[in-house]
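The values are calculated or read from the model by the stated rules, or taken from the named source; none is laboratory data. Keep in mind the model is a prediction, meaning the values are calculated, not measured. Glycine gets a Cβ as well: all are built from the backbone with ideal geometry, and neighbour counts include every protein chain shown.
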Amino acid sequence: MMESYVRRLEELERITNSFKGVEKSYAVQAGREVRIMVQHEIVSDDEASRMAREIARKIETEMTYPGQIKVTVIREMRSVDYAK
């Protein structure tokens with residue numbers, strides 16, 4: 001049981017990391033959710049939405065799992081400046 005759980009998490013991360021622009025991915029909540037951090041310079045807002053859909057479809061075709069898996073793509077940009 002534990003071995004199949006670990007394999008499922010590794011497979012989720014392998015699938016998500018195969019997409020261009022993915023910086024990091026984390027399978028959380030016992031594999032019921034995957035969070036993907038993307039590079040904001042490479043992935044636009046529209047591409048992030050499209051990527052979430054494509055990753056979900058790829059998970060559906062390549063994996064077997066109970067229930068559903070939530071796919072969250074996070075694209076963050078921070079701007080910092082200092083007033084002197």
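Quick rundown of the values:
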read-out: Inter-residue pairs, beta-carbon under 8 Å, first on the phi < 0 side of the Ramachandran plot and in segment 1-19, second in a helix (DSSP H, G or I) and among the hydrophobic types (A, V, I, L, M, F, W, C), 6+ apart; value: Leu12/Ile59; Ile15/Ile55; Ile15/Ile59; Thr16/Ile55; Phe19/Met51; Phe19/Ile55
read-out: Which numbered condition Tyr65 fails, given (1) touching a Phe, Trp or Tyr at 6+ places or on another chain (Cβ under 9 Å); (2) not in a helix (DSSP H, G or I); value: (1)
read-out: Candidate set: segment 35-57, residues that are touching a residue at least 24 places away in the same chain (Cβ under 8 Å) and aliphatic (A, V, I, L, M); chosen: the one farthest from Ser79 (Cα to Cα); value: Ile55
read-out: Verdict on Ala48 being closer than 14 Å to Ile15 by Cα, under 15 Å from the mean Cα position of the chain (by Cα) and in a helix (DSSP H, G or I); value: no
read-out: In segment 54-84, the residues that are in contact with a strand residue (DSSP E or B) (Cβ under 8 Å, 6 or more places away or on another chain) and either more than 15 Å from Lys24 (Cβ to Cβ) or basic (Lys, Arg) (or both); value: Ala56, Ile59, Ile69, Lys70, Arg75
read-out: Extreme residue, modelled with the lowest pLDDT, among residues of segment 15-48 that are loosely packed, with under 12 Cβ neighbours inside 10 Å and within 14 Å of Val71 (Cβ to Cβ); value: Gln29
read-out: Residue that is farthest from Val6 (Cα to Cα), among those in segment 49-84 that are among the hydrophobic types (A, V, I, L, M, F, W, C) and exposed (fewer than 11 other Cβ atoms within 10 Å of the Cβ); value: Ala83
read-out: Residues of segment 9-34 classified as closer than 11 Å to Ile74 by Cα and out of contact with any helix residue (DSSP H, G or I) (no Cβ under 9 Å at 6 or more places or on another chain), total; value: 1
read-out: Filter result (part of a strand (DSSP E or B) and hydroxyl-bearing (Ser, Thr, Tyr)) within segment 1-36; value: Ser25, Tyr26
